[in-house]
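Take a look at the structure below.
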Amino acid sequence: MLFARRSSVFGKRSRQCCGIVVTALLSVSAEADPFLTRDQNPLLAGFGLPLPAPAELGRDSVSAVLNWSSTATISTTANEALIVDNESREWRLLWEHALSDRWSMRLQVPYRSTSGGNLDGFLENWHHTFGLPNGDRDSLPRSQLHIRYVRDGKVVADRSNDASGWGDVVLEAGYQWFKGDRANVSTWLNVEVPTGDANTLNGNEAVDTTASVAGNYKLGNRWTTYGEASLTYLGHGDLLSNEHERWVYSGTLGIEARTWGALSLGVQCDAHSAVVRASGLKMLGDAVTLTFGGNYLSRSNWRTTLGITEDIMVGASPDVTFVFQVTKQWLGKR
């Protein structure tokens, strides 16, 4: 009951924040490109939580993105027990096409692999070098895959073998709601179709839909802020089928600054409400992550992006995610 009330409060606050973000975006942007990342929690990656969408339409682009994450956590409550020790790599190909000045479409094709990986040693050495805590990594063997979730005595998820496969394909339609010299606002509707396999945690074998409002705002010649507010409906599938919420709120807020020439640096905060219903485990509750990094745009409109994502709500998402992105764009130029 306590956790259900907490999720309700989070949802109410999320709706209020979404309203504030939309109002601010409408009140006054230069084009800014969000980091193409989302929560890489292996138990939640199969659900249709949205990837940030552009606020300014009217360009064609092709992007290849890799989100490479590592998680090591052990947690329990009176009726739940969870172990997540894994490394995941999510490759995602995105194609965006401008149908007109106002309408665009985007296609996402993901491919995921979940394994024991080889980042454990690097992360442990990093923590020791800078005097940072290792958390539950000291209690878990290196390079081992072990994902197990037990609730009320029932095994809800159990995976110990490496697995790779296609994820759920996402089809998106975007409309340019407002476009100006300083501000842009777009609305997006996306549908995630069940092409992934719930047994490998690469999909939930259900149709998920998301409605989003995205915008950006130019603060000056060098600084641009951007944000997005989304509401996702999760269909009834085979991934945590009796445990997940139907509605999930999520949002993105970031700022990007041009520094030297074609180099830009940025910081982005992403958050979402709990996907698993009334869970007392942080790994299955609300999550907030922070991504920082930069990108370089060549004269031929090739953009290379590097970023690092940390779980600022500690224990609610992977310990670290490395973001690598290459984009080729046409029509729109920075």
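At a glance:
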| item | result |
| --- | --- |
| Any hit, the stretch 311-318, residues being among the aliphatic types (A, V, I, L, M) and crowded, with 22+ Cβ neighbours inside 10 Å | yes |
| Of residues in the stretch 287-310 being of a type in the set (D, E, K, R) and surrounded by fewer than 19 Cβ atoms within 10 Å (Cβ to Cβ), the one modelled with the lowest pLDDT | R299 |
| Residue satisfying all of: in the stretch 79-124; over 20 Å from the mean Cα position of the chain (by Cα) and of a type in the set (S, T, Y); farthest from A45 (Cα to Cα) among these | S100 |
| Unmet criterion (only one of (1) under 16 Å from the mean Cα position of the chain (by Cα); (2) closer than 23 Å to G46 by Cα; (3) in a strand (DSSP E or B)) for Y226 | (2) |
| Hits in the stretch 259-281 (condition: farther than 30 Å from A78 by Cα and surrounded by 17 or more Cβ atoms within 10 Å (Cβ to Cβ)) | S264, G266, Q268 |
| Residues of the stretch 242-252 that turn out to be buried (at least 16 other Cβ atoms within 10 Å of the Cβ) and either outside any strand (DSSP E or B) or over 12 Å from the mean Cα position of the chain (by Cα) (or both), as a count | 5 |
| Test result for S69, in contact with a Phe, Trp or Tyr (Cβ under 8 Å, 6 or more places away or on another chain), crowded, with 24+ Cβ neighbours inside 10 Å and of a type in the set (G, A, S) | yes |
| Test result for Y149, closer than 22 Å to L234 by Cα and either touching a helix residue (DSSP H, G or I) at 6+ places or on another chain (Cβ under 6 Å) or at pLDDT 95 or above (or both) | yes |
| Residues of the stretch 81-108 satisfying the condition of being buried (at least 20 other Cβ atoms within 10 Å of the Cβ), farther than 20 Å from T289 by Cβ and among the acidic types (D, E) | E96 |
| Which listed residue, of N216, N184, N204, N190, is of a type outside the set (K, R) and either within 23 Å of S88 (Cα to Cα) or at pLDDT below 95 (or both) | N204 |
| Residue among E228, E256, E172, E192 that is in contact with a Lys or Arg (Cβ under 7 Å, 6 or more places away or on another chain), among the acidic types (D, E) and surrounded by 19 or more Cβ atoms within 10 Å (Cβ to Cβ) | E172 |
| Search result, residues across the stretch 195-241 that are among the hydroxyl-bearing types (S, T, Y) and within 30 Å of S264 (Cα to Cα) | T210, S212, Y217, T224, T225, Y226, S230 |
| Unmet criterion (only one of (1) closer than 30 Å to D162 by Cβ; (2) in a loop (DSSP other than H, G, I, E, B)) for G220 | (1) |
| In the stretch 301-314, residue farthest from Y149 (Cα to Cα) [restricted to those that are hydrophobic (A, V, I, L, M, F, W, C) and assigned to a loop (DSSP other than H, G, I, E, B)] | I312 |
| Among the residues listed as R92, R38, R106, the single one being under 24 Å from V320 (Cβ atoms), at pLDDT 95 or above, of a type outside the set (A, V, I, L, M) and assigned to a strand (DSSP E or B) | R92 |
| Extreme residue, nearest to the chain's Cα centre (by Cα), among residues of the stretch 253-301 that are within 17 Å of K218 (Cα to Cα) and polar (S, T, N, Q) | Q268 |
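Here's the yes/no breakdown for (1) touching an Asp or Glu at 6+ places or on another chain (Cβ under 8 Å); (2) of a type in the set (D, E, K, R); (3) at negative phi; (4) in a strand (DSSP E or B):
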position	(1), (2), (3), (4)
L265	yes, no, yes, yes
A271	yes, no, yes, yes
S279	yes, no, yes, no
M283	no, no, yes, no
T289	yes, no, yes, yes
R299	no, yes, yes, no
F322	no, no, yes, yes
Q325	no, no, yes, yes
K328	no, yes, yes, yes
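The values are calculated or read from the model by the stated rules, or taken from the named source; none is laboratory data. Here the structure is a predicted model, which means the values were calculated and not measured. In this analysis, Cβ positions are derived from the backbone assuming ideal geometry, glycine residues included, and neighbour counts consider all displayed protein chains.
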